[in-house]
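Asks: Dropping the structure in here first, questions after.
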Amino acid sequence: MTRGNDTDQGLLSHVLLPVANEEDALATARALEPYHPDRVTALHVVEKGEGVPDKTPVEQSESLAADSYAAVQSVFPDADEHTAYARDIVAAIFDAADEVDASAIAYQSRGGNRLVQFLSGDLSIKLVTNASVPVIALPREGSSE
């Protein structure tokens, strides 16, 4: 998918917002809010074990996703929801960006659970170097940079 030369689609025309849980979703949505994206799709990746038991029951993961979407929608009431089921979180984010035709992926790195932690290590490097769309690192709350 080639979107880099598409002048009709602005960077913030459709932002994919990966979220891990309700707290992460609210903080990330609030960090994105000042940039006034045209459209937001919240993404929650349910980690699936390939040949091994899942970390959490599907029902619990789907409830976590619903709470995360509600938090995003408290900031962006018209935000869309997208749930992915995958073992490889970064690949799921890329796939979701393609599926929803996102113009960019936005995230806010900070400590926390596995989805949030991936943004601060080798997986973060994969996210920013292998994405087919721009990746926006949102400032952390209280950051002066």
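The values are calculated or read from the model by the stated rules, or taken from the named source; none is laboratory data. None of the values given here were measured: they were computed from a predicted structure. Neighbour counts run over all protein chains shown; Cβ positions are idealised from the backbone, glycine included.
Asks: Provide a single number: the residues in the stretch 56-80 that are within 19 Å of VAL133 (Cβ to Cβ) and acidic (Asp, Glu).
Replies: 1
Asks: Are any residues in the stretch 112-137 under 17 Å from ARG30 (Cβ atoms) and either part of a loop (DSSP other than H, G, I, E, B) or at pLDDT below 80 (or both), and if so, which ones?
Replies: Selection gives GLY112, VAL116, LEU119.
Asks: Consider only pairs whose beta carbons are under 7 Å apart and that are at least six residues apart or on different chains; among these, list those whose first residue lies in the stretch 18-30 and is in contact (Cβ under 8 Å) with a residue 60 or more places away in the chain and whose second residue is surrounded by 23 or more Cβ atoms within 10 Å (Cβ to Cβ) and part of a helix (DSSP H, G or I).
Replies: PRO18/ILE93; VAL19/ALA25; VAL19/THR28; VAL19/SER68; VAL19/VAL72; ASN21/SER68
Asks: Same structure again: When the residues of the stretch 55-81 are narrowed to those that are touching a strand residue (DSSP E or B) at 6+ places or on another chain (Cβ under 7 Å) and outside any helix (DSSP H, G or I), which ends up modelled with the lowest pLDDT?
Replies: LYS55
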